[in-house]
Amino acid sequence: MPKPRRPSPPTGPGIAAMSHLFPSFRRRPESIATIARCPRMDSGLRRNDDLWRVLSALLVALAVLFSATVPAFARDPLLIEGKKTLFQRVLARPGAVLLHDPATAGGGQPVAAFTVYYVYGRQSAGGVDLVQVGRNSRGDVDGYIRADQVIDWKQSLTVAFANPAARERVLFLKDKDAAARLMAAPTRATDARTMRDAAIGDRLPADSPVLAIEPPTFVDVTKQFYLLPILSTDSVLTDDGFAARLLEVASVPATKTPLPGTGQAPPAVDPADALRNFKVGITVVIDNSTSMQPHIERTREAVRRIYDKIKGTPFADNVRFGVVGFRDNAKVTPALGYVSRVFSPLSIDTRPEETLAALDAMKAADVSSPNFYEDSFAGIKTAIDSMDWAPFGGRYIVLITDAGSRAGNDPLSETGLGPAQLNQLAHSKGIATFALHLLTQAGVNDHARAKAQYEELTRFPGAGSLYYGVPGGSAEALGSVVDLLVDDLTRQAEAAVAAAGGTASPAPPPTPPAPSGNALSDQSQIVGYAMRLAYLGRVQGRGRLTCSRPGPRTATPPIPPCPRSTCACSSPRTSSRISPRP
């Protein structure tokens, strides 16, 4: 009996096309023969040349389909000179116009300032230099922009302001040479202070190198977006050998978005009115383990004392407290009842009597957890997520505990988060966290671990860590620290209302606090100052560089007055004072 003839490998235009699209197909033609021999094939198809003719016809159809959908070879943007992979990019200047035809003398489409384009070509038409641009690097060309309407952007980096609470406002100088001379001068601190005072008071002489100064309030770039692209960088040395980095940046004066249907910008917010409405919200997060009942009672006394102190004052309604209690994981010890619980919500509508009653109802656990540490991170997470922080300009969490927390990678952790993650969550809502760690003798073996956790949890820009160990850990020792801290935090509402009260003209931004000699007070004042600057930045809308050119100035200059400038910074992400040390 003759053996069945082995089918020949498929050929034809369809196979050639598939081999081109899929090289592995070309290397293994026997795979189709295997398919032909598969017993699951339709029994109506015989393993002969008729099958290959059917398959070839199908493959031809597929090849035609692929050839119709595979795009042509994309055109790449121009490379930066001397680079093999970095493409040229430009930023549109204010007033730039996108032309679809390089021969067009007028018309075109207006482009938003600082729109980023890739460069696909450079040419001249009618004596005008043009740049061919596209929004992406995939070969999609949008049109042409005049070369004098764009800025080359080689760095692809931007700079953003940190909260100026713990530093001076940044000066922007007209050119790199002026900034380099200032940084190299032995008197740079005094010179920079003189320039800054003159810029703030609008008293700059005609030959001043200062072009602009940082806004007086903090503008959070994550909430109110702005762009300060870095055009170039350089390093210089101060006269005493310290390194400093000069950044050339571009900027555009901010304009408020017109109100819908009016075409007019919204009215400016008076800082005095804003400060009158500055409210302080404090959420106390208290350890409810068996050893903490005296400390709970002492904390209630501190809160009651504050409410009694501010009762009947103009700022009595500007301070509110919330209360969260926490224990350990109740799955291990069900008698604990809960891991974290809101006893009193932080809200403008919560009356002082309700907060005090909630503290009365809070009781320490009557059973112990298996370990010394508790899940304080669960209490912090509850305070961040469950409280209404929006009405408050000053936002604070005060953690009171005698133990460290379960780590984020602990199987019994309620949150699965570590101190760094919780710190980031708090900052995203503008919250500062203080930790009052009771250094009791019972927890001596846990002190170092807890301190490391809470120092990271409480870091605040410009102020450092807001961790405070309470020696001995007694209720009396805690009381003196709580009284001092809560006094300092609530005093911010009093100071804000007092600064705004009775002023006929717009109130100036709050002034930096003077050192008191007490570390806790100094840090709480720095944080409070940062909170007020951030609050004014939010309620007043987008900040703007104050352009300080001498001579006549108008509220809305026809030409953006601050297109390029140079500042001295410690890193390309955050501007710092122009004189890093006196």
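The values are calculated or read from the model by the stated rules, or taken from the named source; none is laboratory data. Being a predicted model, the structure only gives us computed values, none of them experimental. Positions of Cβ are backbone-derived with ideal geometry, glycine not excepted, and every protein chain shown enters the neighbour counts. Surface areas here come from the heavy atoms of the whole protein model, side chains and all, with no ligands, DNA or RNA. Shrake-Rupley method; radii C 1.70, N 1.55, O 1.52, S 1.80 Å.
For the reader, a short list of remarks on this structure follows.
- Of 309/363; 279/331; 174/429, pairs whose Cα-Cα distance is over 31 Å: 279/331; 174/429
- In the context of the full protein assembly, residue 292 retains an accessible surface of approximately 0 Å², using a probe radius of 1.4 Å and ignoring ligands and nucleic acids.
- Spherically averaged projected area in nm², based on the convex hull that wraps the Cα atoms of region 89-152: 3.7 nm²
- Here residue 357 and residue 522 are evaluated by their C-beta separation; at R0 = 35 Å the FRET efficiency comes out at 0.55.
- Dipole axis of region 158-249 (+1 Lys, Arg; -1 Asp, Glu on Cβ), positive-most option in 164, 229, 185: 164
- Accessible surface of region 89-152, 1.4 Å probe, proportion on carbon and sulfur as whole %: 45 percent
- Added length on full extension, which subtracts the Cα-Cα distance from 0.36 nm per residue, residue 429 to residue 476: 13.7 nm
- 5 angstrom amide H check on residue 142, placed H, neighbours 5+ away: 133, 134, 135
- Per residue, region 331-412 exposes 40 Å² of solvent-accessible protein surface, assessed with a 1.4 angstrom probe and all protein chains in place.
- Taking the centroid of alpha carbons for each part, region 342-384 and region 150-225 are 45 Å apart.
- The charge dipole of region 361-400, taken about its Cα centre with unit charges on the Cβ of Lys, Arg, Asp and Glu (plus for the first two, minus for the last two), comes to roughly 120 debye.
- Accessible surface of region 158-249 [probe 1.4 Å, protein heavy atoms]: carbon and sulfur percent: 54 percent
- Accessible surface ranking for 114, 242, 434, 372, 1.4 angstrom probe, highest first: 242, 372, 114, 434.
- Taking the protein heavy atoms of region 327-371 in the context of the full set of protein chains, the accessible area attributed to carbon and sulfur is 50 percent at 1.4 Å.
- Based on the reciprocal of the average 1/r between different C-alpha atoms, the Kirkwood radius for region 158-249 equals 14.4 Å.
- Placing +1 on each Lys and Arg Cβ and -1 on each Asp and Glu Cβ, with no other charges, gives region 158-249 a dipole about its Cα centre of roughly 200 debye.
- With Cα atoms as the point set, region 272-507 shows a radius of gyration and Dmax of 17.5, 62 Å.
- Charged side chains reduced to their Cβ positions (Lys and Arg at +1, Asp and Glu at -1) give region 272-507 a dipole of some 300 debye around its Cα centre.
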